[in-house]
Amino acid sequence: MKTKIVTRKAISTAKAKLKKAYIDNLRAEHLMNVFTAILSEIPGGSAISSLLKDYIPQKKEERMVELLHFMGQELIKHADQINEASMKTNHFAFMLENCMRGVAMSPQKEKIDAYRAILMNTILGSGLEITEEEHFLSLVDRLSSVHIKVIQLLIEASQNPPEGSPSIQNRLDHMDKDIIASALSELYTLNFTNTEGNVMASFVNVPLDRIGGRLNHLGKKFADFIIYYHSGE
């Protein structure tokens, strides 16, 4: 019973915020209703139900409410681009459930942003196969915020930054170099880079303009799915 009360409270809070700001947008309101209906139909034994079953800490609940609020805002913004049928699939229910669990468990901004991007890419169309989307989601669950920050910087390094750009360690506020080196090396283990792990690890203090082009095709697909979402604009 407590699970249902907390879930309803989170949905109610998010919907109240949205209705206050966007009361006249009937199409968006309909999409939000579809979205919350899917949420309410997740089985009682699901990961979210397990997560919420016993006095969920306030911060976890706040992050889940913020995710619902974000989704509602994006449904409004992109209402004309969204295929309603895509929100009624088992695949979307799976992605939503696991992204909500991920947001509840991860206070780091980089991971929260990744889960948001994943949900919007899933709805708007990522161009990936279902199995690829689900695999990439599972990787976000396992990776740290450091991995995601490093991937973002490798993307930036491939966009022709000016000569003498700061190094990865400088951009990460002088984070411990061994932590950064470990994250860089592990990207090779994930088959995300075209450069071997020991070489990747040596890039900690190399300027960004000298380490472009290190992500391979799979690494770029992953980055596109968890860092950007396609607004169609």
Cα-based Rg / Dmax (Å) for region 145-226: 11.3, 29
Additional length obtainable on full extension of the chain from S12 to R210, 0.36 nm per residue less Cα span: 66.3 nm
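Would you mind checking the pairs K109/K221; K88/K111; K60/K220; K88/K149 and listing those with alpha carbons more than 27 angstrom apart?
Values: K109/K221 21 Å; K88/K111 25 Å; K60/K220 31 Å; K88/K149 33 Å.
Over 27 Å Cα-Cα: K60/K220; K88/K149.
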Shape box of region 75-233 [Cα atoms, principal axes, largest first, Å]: 47, 31, 26
Inter-label distance for D178 and S86, nm, one decimal - labels placed 7 Å from Cα along Cα-to-Cβ: 4.5 nm
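None of the figures in this text is laboratory data; all of them are computed from the coordinates on show. Computed from a prediction, not measured in an experiment: that's the story for all the values here. Glycine also receives a Cβ, built like all others from the backbone with ideal geometry; neighbour counts cover every protein chain displayed.
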